[in-house]
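Peer 1: Pasting in a structure now, in structure tokens, and then I'll have a few things to ask.
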Amino acid sequence: MILAGIFVALSFVALLVIFYLAKGHHGTGRDLDQLARELRSVDVNAFRNLIDEREEQYLRENLPRDVFRVIQRERKLAAIEYIQCAAKNAAILIRLAEAAQSSPDPAIALAANKLLENAFRLRLYAFRVVPRLYLSMLMPGLSPVPSGLADSYDTITRQVVMLGLQYPTRGMSAAL
Amino acid sequence: MIFLRYYLWLVPHLLLAVTLVGAWRRGLHRYLPFFRTFGLFELLQFLTLFALSTAQVSLSVYRWALAFGSAVTMILQIGVIFELAGRLLLSRVTLSKGLRALMRWTIGGLVLVAAAASGSFAALAPNRELRVFEVVDFSSSLIQVGLLFVLLAFSRALHISWRSWPTGVAVGFGVLASIDLGTAAIRSTVGESAFIPVDITQMTAFHVSNLIWLIYAFLPERDPVPAAGGLGESDIQFWNEQLQRMAER
């Protein structure tokens, strides 16, 4: 009876969760300009600096141990914020690319497809990297961020610009 | 009560037939062909069981037909979920490897849980055909709920927007599988006294699922609205400036 009770409770939770998850999936039909306004700027160079191992080594050698630990913690929290911001931007770009994919112009559809692939890649990176960054705050020896993330973000920024030359994505790359 | 039971047995299948016709007319059957097969088999199963019921064959024959039909339906329903995953996620090169592995592990875990749980439930069933039916019913619901959860969570995390039809199909299966999961567990534990209430609840869930599929089969798509027209001269100038900014990095 207890096992049955567990599955009954599980079925109610599953029903609610499935409704909740499905609600967010349906294309919302929102204006792309409205989406563009939600983009936040990410300074890729500053982010690269935050995750640069040589920079970390330099700080380690030139700062007292306690100060280094505090600064490293701040740097990693800032890097997490950058990654989350880039991942949010990637989510918006996924919507842009999905809309552009149905364009009758094959060049636009191709550019949108590339953008979509890279935006997915960036979001997957973000899911892997953020926990590693938190972990590296506890274990300073751990190398937290694969260099691919900043490159990935750079790539999708370029692709938005290329797509913007062929498709109305105004304002988007300016915000990236 | 008899009227309600006949209503819940007949009307959802009628709605399913209308959904299949509507989906076929809109060309949606090409997008999810497994769903069409599932729908057609469900109708065939209904006609067979209805014929067996009116011909007043032995209860054992009816239950074996039900158990066999449920097993085929389970395979088709899981097929539809994999088809959804394939259409929405696995076709993307970046995602395919990770999601395939995730779904494989999910199925493995769910089969283990289903085997353990249905083993203890099936021990309570009074005869073999009911044991087979209960194992299939419970296991298929559990596997479907788990797979749908992974599929929806994965695409939510990646912000993949779904078109109307796949959303409707997923929600319909979600309602059906989650209600079946709870009620199958109750039926297996309580025994024969729970057969009719569980039957009515499951048929109501199937009715709701069919209403969802029917609505989504006729719902027009709401594509994202691109910003106005094509690119003007000022747009091209703006994007050229952007390219220059990128080149300077």
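The values are calculated or read from the model by the stated rules, or taken from the named source; none is laboratory data. Because the structure is predicted, anything quoted here is derived from the model rather than measured. A quick note on method: Cβ atoms are made from the backbone with ideal geometry, for glycine too, and the neighbour counts reach across all protein chains shown. Accessible surface is based on the protein model in full, side chains and every heavy atom, while ligands, DNA and RNA are left aside. Shrake-Rupley method; radii C 1.70, N 1.55, O 1.52, S 1.80 Å.
Peer 1: Just need the Rg to Rh number for the stretch B:41-106, please, alpha carbons only, Kirkwood Rh.
Peer 2: 1.26
Peer 1: Peptide B:174-180: average number of partner chain Cβ atoms within 10 Å per residue?
Peer 2: For peptide B:174-180, the averaged partner shielding equals 4.
Peer 1: Right, another one. Using DSSP H assignments, which helices in chain B have an axial alpha-carbon span of 15 Å or above and a mean Kyte-Doolittle hydropathy of 0.5 or higher?
Peer 2: B:2-25, B:33-54, B:59-85, B:93-122, B:128-157, B:164-190, B:195-218
Peer 1: Strictly greater than 23 Å: what percent of every Cα pair in the stretch B:13-146 meets that?
Peer 2: Values: 4148 of 8911 pairs.
Everything past 23 Å amounts to 47 percent.
Peer 1: Sticking with the crude label model, points 7 Å out along Cα→Cβ, report the distance from B:Ala115 to A:Ser102 in nm, one decimal please.
Peer 2: Each label point lies 7 Å from its Cα, and together they span 4.5 nm.
Peer 1: Let me ask something else about it. Can you compute the equivalent ellipsoid semi-axes for the stretch B:107-208, i.e. the square root of 5 times each eigenvalue of the Cα gyration tensor, sorted largest first and rounded to whole Å? Display every interim value, and only then the final one.
Peer 2: Numbers: eigenvalues 160, 55, 13 Å².
The equivalent ellipsoid of the stretch B:107-208 has semi-axes of 28, 17, 8 Å.
Peer 1: Need one value for B:33-46: mean number of C-beta atoms belonging to other chains within 10 Å of its residues' C-beta atoms. Could you put the intermediate results ahead of the total?
Peer 2: Details: counts 0, 0, 0, 0, 0, 0, 0, 0, 0, 0, 0, 0, 0, 0.
For this peptide, the per-residue mean of nearby foreign Cβ atoms is 0.
Peer 1: Another question, then. Averaged across the residues of B:160-173, what count of C-beta atoms belonging to other chains lies within 10 Å of each residue's C-beta?
Peer 2: 4
Peer 1: Provide the buried accessible surface between chains A and B in square angstrom, both chains summed, 1.4 Å probe, rounded to the nearest 100.
Peer 2: Summed over both sides, the interface buries about 5000 Å².
Peer 1: Applying a 10 Å radius around every beta-carbon, put B:3-11, B:75-83, B:178-186, B:42-50 in order of their mean neighbour count, most first.
Peer 2: Sorting B:3-11, B:75-83, B:178-186, B:42-50 by mean packing, highest first, produces B:178-186, B:75-83, B:42-50, B:3-11.
Peer 1: Can you give me the P(r) profile for the stretch A:1-134? Cα pairs, bins 10 angstrom wide beginning at 0, each as a whole percent.
Peer 2: Percent of Cα pairs in each bin: 10, 25, 25, 20, 14, 5, 0.
Peer 1: Which value, in Å³ per residue, describes the convex hull spanned by the Cα atoms of chain B? Intermediate results must be reported in sequence, preceding the final value.
Peer 2: Details: hull volume 35.7 nm³, N = 249.
Hull volume over Cα atoms, normalised by residue count, gives 143 Å³.
Peer 1: Could you run the Karplus curve 6.51 cos²θ - 1.76 cosθ + 1.60 with θ = phi - 60° over the stretch A:124-130 and give me ³J(HN,Hα) per residue in whole Hz, x for Gly and Pro?
Peer 2: 5, 4, 4, 5, 7, 7, 4
Peer 1: Here is a further query. What translational D, rounded to a whole number of µm²/s, comes out for the stretch B:1-69 from Stokes-Einstein when the hydrodynamic radius is the Kirkwood one over Cα pairs, at 4 °C and 1.567 mPa s?
Peer 2: Translational D for this selection: 97 µm²/s.
Peer 1: Now for a separate question. Would you be so kind as to identify which of B:Val72, B:Thr204, B:Leu40 lies farthest towards the positive end of the dipole of chain B, taking Lys and Arg as +1 and Asp and Glu as -1 on Cβ and the Cα centre as origin?
Peer 2: B:Val72
Peer 1: Bin width 5 Å, alpha-carbon pairs only: give the P(r) of the stretch B:129-175 as whole percents, running from 0 to the bin holding the largest distance.
Peer 2: 5, 19, 22, 22, 13, 9, 6, 4, 1
Peer 1: Here's something else I'd like to know. How would you rank B:192-205, A:51-64, highest first, on the average number of other Cβ atoms within 10 Å across their residues?
Peer 2: Values: B:192-205: 15.4, A:51-64: 12.5.
Result, highest mean first: B:192-205, A:51-64.
Peer 1: Let's see if you can work this out: charge +1 on each Lys and Arg Cβ, -1 on each Asp and Glu Cβ, no other charges. What is the dipole magnitude of the stretch B:124-213 about its Cα centre, in debye to the nearest 20?
Peer 2: For the stretch B:124-213, the charge dipole is close to 320 debye.
Peer 1: Tell me, what is the FRET efficiency for A:Leu138 and B:Trp64 to the nearest 0.05, using R0 = 60 angstrom and their Cβ-Cβ distance as r?
Peer 2: Approximately 0.55, to the nearest 0.05.
Peer 1: Same structure again: In whole Å, what is the distance between the alpha-carbon centres of the stretch B:47-119 and the stretch A:57-100?
Peer 2: What the calculation gives is 43 Å, centre to centre.
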